Amino acid sequence: MQLRKRRAIIIDDDANILKLLKDFFSIRDYDVLTFDSPITCTIYENKLASCANSKPCADILITDYQMPKMTGLELLVQQAQRGCKVDIRNKALMSGNLDAETQNKVKELGHAFFSKPFNFPEFISWIEDCESRIDLSRPIGIARKEERQAADIDVLYTYEASEKTYRSTVINFSNSGLCLKMHNPISEGQSIMLKTEVPNNCRNASVRWVRKMEDNFYLAGFACC
């Protein structure tokens, strides 16, 4: 049986930190997903009452404390409350300036805390401890063949054989697909035509998956045609 790579998810709105950690984990032969907000998490912004993944989405998850809309601690607390499948011991919060009380809250959740700039011997020791718990024969919940870029782009689109225009928001994209936040129901297999230019130059796209959220909108994943 062919074993998969280890996977790390890094969340930080500092591009330099994302590059530093991506390079670090890539050297250790990880599949690395980097995001400038927790948009990859299904419970982000209270969209779901419980984790939508039946398997962990990563082997290691590291998040910054100060982020748009939500702190890293708030994310970790919500994940704990809503059944996140990632081992709590393999999660860490990082910050350049965090008081002792908040650091203790992180540790009470069972997670690690790291100050910026990193003490790399301490960080590597934690990574090695995490790696001792990783079982590469067990599948993970999301598989990204391409890196996703977080976005917040309002777009217009139409359905095939229809002239009516609808509004939506691109929340992330890759070279060959995108994820839309939509207020209108849509089904797997449906196709749309984008009327607004997007960074990956996608014009025609087909629905690969749809998830209905709590506040009357939908998340849909599209493959560009």
Open item on the list: For the structure I just gave you, tell me whether Leu48 is over 12 Å from the mean Cα position of the chain (by Cα), farther than 18 Å from Ala150 by Cα, modelled with pLDDT under 85 and not hydroxyl-bearing (Ser, Thr, Tyr).
Closed with: yes
Open item on the list: Taking the conditions exactly as written (of a type outside the set (A, V, I, L, M), free of Cβ contacts under 8 Å to residues at least 60 places away in the same chain and part of a strand (DSSP E or B)), does Phe25 satisfy them or not?
Closed with: no
TODO: Could you tell me whether region 157-169 includes any residue that is within 30 Å of Tyr65 (Cβ to Cβ) and not assigned by TED's automatic domain parsing to the domain that holds Asp64?
DONE: yes
- [ ] Quick one: in region 20-45, of everything that is of a type in the set (Asp, Glu) and modelled with pLDDT of 90 or more, which residue is nearest to Ile60 (Cα to Cα)?
- [x] Asp29
- [ ] Answer yes or no: is there a residue in region 97-119 that is out of contact with any helix residue (DSSP H, G or I) (no Cβ under 6 Å at 6 or more places or on another chain), assigned by TED's automatic domain parsing to the domain that holds Asn16, closer than 17 Å to Ser37 by Cβ and surrounded by 14 or more Cβ atoms within 10 Å (Cβ to Cβ).
- [x] no
Open item on the list: Tell me yes or no: at least one residue of region 133-145 is assigned to a strand (DSSP E or B), under 24 Å from the mean Cα position of the chain (by Cα) and of a type in the set (Lys, Arg).
Closed with: no
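Quick grid of which residues meet (1) in a strand (DSSP E or B); (2) without any contact (Cβ under 8 Å) to a residue 60 or more places away in the chain; (3) surrounded by 14 or more Cβ atoms within 10 Å (Cβ to Cβ):
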{"site": "Ala150", "(1), (2), (3)": "yes, no, yes"}
{"site": "Asn184", "(1), (2), (3)": "no, yes, no"}
{"site": "Glu197", "(1), (2), (3)": "no, yes, no"}
{"site": "Asn201", "(1), (2), (3)": "no, yes, no"}
{"site": "Ser206", "(1), (2), (3)": "yes, yes, yes"}
TODO: Look at region 91-104 and say how many of its residues are more than 25 Å from Ile134 (Cα to Cα), among the charged types (D, E, K, R) and outside any loop (DSSP other than H, G, I, E, B).
DONE: 1
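The values are calculated or read from the model by the stated rules, or taken from the named source; none is laboratory data. In this text, all values refer to a predicted model and were calculated from it rather than measured experimentally. Backbone-built Cβ (ideal geometry, glycine too); neighbour counts: all protein chains shown.
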